[in-house]
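Okay, so here's the structure we're looking at.
Each value in this text was obtained by applying a stated rule to the coordinates, not by laboratory testing. What you are looking at is a predicted structure, and each value in this text was computed from that prediction instead of being measured. So basically every Cβ, Gly included, is an ideal-geometry build from the backbone, and we count neighbours across all protein chains shown.
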Amino acid sequence: MSVKKNAFIANVEDQTVEGWKNLPNPVFEVYKDKKGEFRFRLRAKNGEPILASEGYTAKASCLNGVDSVRKNADSSVEKEA
């Protein structure tokens, strides 16, 4: 339920670009891990991480993962309404 509530309204904070800025929670944080792979995590309104992705070799694939979580959370919210 937390993912559904937060993913729908979360902004994307791209920590892989120079000069990125912290965005208020809920937020999808896009970052590079120690292996150099792109990953994202979703933080709830209270700042707690509630979802973490697998590693992606391409940033575009990582962002597609964020979009997929949003789309699926959005359709779940509509079904419950």
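Placing +1 on the Cβ of every Lys and Arg and -1 on the Cβ of every Asp and Glu, with no other charges, gives segment 2-80 a dipole of roughly 100 debye about its Cα centre.
For residue 4, the lysines whose Cα falls under 18 Å of its own Cα, not counting residues fewer than eight places away in the same chain, are 45, 71, 79.
In segment 1-78, the alpha-carbon atoms span a convex hull of 82 Å³ per residue. Counted over the chain, the DSSP beta bridges are approximately 70% antiparallel.
With n ≥ 4 as the cut-off for DSSP H runs, can you work out [θ] at 222 nm for the chain, using -39500 (n - 2.57) per run divided by the number of residues, rounded to the nearest 500? List each step's numbers first, then the result.
On the way: 2 runs with 28 residues, N = 81.
Calculated from helices alone, the mean residue ellipticity at 222 nm is -11000 deg cm²/dmol.
Normalised by the number of residues in the chain, the average gap of Cα pairs under 8 Å and 6 or more apart makes the relative contact order 28 percent. When only DSSP loop residues count, what trypsin sites (Lys or Arg not before Pro) in segment 5-81 have their Cβ near at most 16 other Cβ atoms within 10 Å? For trypsin sites (Lys or Arg not before Pro) across segment 5-81 that sit outside H, G, I, E and B with at most 16 neighbouring Cβ atoms in 10 Å, the list reads 21, 34, 35, 45.
Of all aspartates and glutamates in the structure, those lying under 18 Å Cα to Cα from residue 59, and not within fewer than 8 positions of it along the same chain, are 13, 14, 18, 29, 33, 37, 67.
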